[in-house]
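Following: one structure in structure tokens, then a few remarks.
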Amino acid sequence: MKNIAVIGAGTMGNGIAHTFAQSGFKVQLIDISEDSLTRGLNTISKNLDRMVAKEKISEEDKSNTLNNITTFTDTVEGVKNADLVVEAATENVDLKLKIFKQLDEVCAENTILATNTSSISITQIAAVTSRPEKVIGMHFMNPVPIMKLVEIIRGYSTSDEVTTTIMDLSKTLGKVPTEVNDYPGFVANRILMPMINESIETLYNGVAGVEEIDTVMKLGMAHPMGPLQLADFIGLDVCLSILNVMYDGFKNPKYAPCPLLVNMVMAGKLGVKSGEGFYDYSESRKAEKVSKQFS
Ligand SMILES: NC(=O)c1ccc[n+]([C@@H]2O[C@H](COP(=O)([O-])OP(=O)(O)OC[C@H]3O[C@@H](n4cnc5c(N)ncnc54)[C@H](O)[C@@H]3O)[C@@H](O)[C@H]2O)c1
């Protein structure tokens with residue numbers, strides 16, 4: 001494998017492109033938005049600067065990494081020589097199905113098609129292609145250059161050969177790939193999201209406040225970040241959408257999103273990205289807890 005196409009230059013896409021490029025792969029970074037590509041490259045450059053400052057890499061490593069990345073707004077052009085495509089576009093079923101249908105038509109027969117989806121079925125995505133055995137989930141964690149885990153998700157038809165290739169490739173990136181099967185939420189979110197949802201339920205029931213819940217989990221369970229703050233970082237809309245995928249997929253009420261989470265998303269309180277979630281991220285009150293409406 002030499003040429004990797006990454007679709008989407010957002011939070012995850014630029015991290016995935018960075019990680020492959022730093023390991024010596026040629027990366028074609030594709031996004032429909034020029035702005036996203038510019039922002040993505042800036043983020044990669046800043047993250048590399050931080051690594052140089054910490055003496056984890058040299059200036060030469062930085063320029064080699066950047067030189068390994070080429071950007072495209074045209075998907076067909078960008079995936080032309082790809083051995084592997086890693087799709088990290090917006091989390092939307094219809095969009096992903098459309099992208100994979102197109103990839104199947106324009107990519108070489110041997111190209112492996114991977115998706116970084118957090119919750120959409122790999123089997124469903126694979127089914128719109130003529131190569132379901134070559135479709136696989138490569139679920140990187142945020143921030144990609146730092147986090148070691150890659151959850152490797154086998155769709156119903158993913159072949160052993162493709163799974164082994166992707167597991168080995170992830171190891172060459174210095175990651176720890178972990179193989180799981182394709183059921184709603186996979187493993188990471190199937191366990192994480194009910195914990196976040198239960199934390200919100202605990203707040204909603206008035207058992208404790210935002211900081212108290214996070215403190216119990218940080219100091220009592222040695223979590224680096226409390227679940228409510230983590231939810232703010234992930235995005236409350238993303239948490240809601242993953243819980244709904246599990247609720248629909250298992251038809252089990254234990255995954256039903258807490259009404260407070262639903263209300264907050266409807267009110268546009270999405271966490272860090274909107275400036276307010278369980279905490280206030282506005283410049284004046286950075287990361288202060290938002291207590292008034294919960295206590
Ligand atoms: N953010 C996280 O913490 C996280 C963690 C793990 C997995 N994921 C998954 O990664 C994927 C990307 O999430 P993100 O947080 O980076 O999203 P994001 O919104 O930051 O970026 C998505 C990018 O996709 C681009 N895009 C949309 N349609 C496209 C198309 N047809 N072709 C090319 N580019 C297109 C958008 O312009 C945008 O730049 C999602 O599937 C998400 O579930 C996210």
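Numerical summary
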| read-out | value |
| --- | --- |
| Karplus-derived 3J(HN,Hα), 6.51/-1.76/1.60, for each residue of the range 235-244, Hz, glycine and proline x | x, 5, 5, 5, 4, 4, 5, 5, 4, 5 |
| Heavy-atom accessible area order for ASP214, ASP83, largest first, 1.4 Å probe | ASP83, ASP214 |
| Those trypsin sites (Lys or Arg not before Pro) in the range 1-81 that DSSP places in a loop and that have at most 16 other beta carbons within 10 Å | LYS2, LYS54, LYS56, LYS80 |
| Residues of the chain: accessible area per residue with a 1.4 Å probe, Å² | 49 Å² |
| Efficiency of FRET from Cβ geometry, THR73 and TYR156, R₀ 30 Å, rounded to 0.05 | 0.35 |
| Two-site label geometry, VAL93 and LYS273: point separation in nm, points 7 Å out along Cα→Cβ | 2.0 nm |
| Residue-span extension gain [ALA208 to GLN124] - 0.36 nm each, minus C-alpha spacing | 26.2 nm |
| Sequence-distant residues sharing a close amide H with TYR279 (under 5 Å, placed H) | VAL290 |
| Karplus-derived 3J(HN,Hα), 6.51/-1.76/1.60, for each residue of the range 119-133, Hz, glycine and proline x | 8, 7, 4, 5, 5, 5, 5, 4, 5, 8, 10, 9, 9, x, 6 |
| Convex hull volume per residue in cubic angstrom - Cα atoms of the range 6-123 | 100 Å³ |
| Where Cα atoms sit under 24 Å apart: lysine pairs in the range 37-88 separated by 8 or more or lying on different chains | 4 |
| Fully extended contour minus Cα-Cα distance, from VAL262 to GLU34, at 0.36 nm per residue | 78.8 nm |
| Sequence-separation-based contact order of the chain, relative, with Cα cut under 8 Å and 6+ spacing, percent | 12 percent |
| Extension gain, SER23 back to MET167 (0.36 nm per residue minus Cα-Cα distance, nm) | 50.3 nm |
| At R0 = 35 Å, FRET efficiency that the Cβ-Cβ distance of THR215 and GLU179 yields, to 0.05 | 0.50 |
| Ranked packing of 142-155, 169-182, 5-18, most packed first, by mean Cβ within 10 Å | 5-18, 142-155, 169-182 |
| Surrounding net charge for PRO227, when Lys and Arg each add one and Asp and Glu each subtract one, Cβ distance under 9 Å | -2 |
| Computed [θ] at 222 nm, deg cm²/dmol, the chain (DSSP H ≥ 4; -39,500 (n - 2.57); rounded to nearest 500) | -13500 deg cm²/dmol |
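The values are calculated or read from the model by the stated rules, or taken from the named source; none is laboratory data. Keep in mind that this is a model prediction, so the values were computed, not measured. Methodologically, a virtual Cβ is constructed for each residue, glycine included, from the backbone with ideal geometry; neighbour enumeration extends over all protein chains shown. All accessible areas refer to the heavy atoms of the entire protein, side chains included, with ligands and DNA or RNA removed. Shrake-Rupley method; radii C 1.70, N 1.55, O 1.52, S 1.80 Å.
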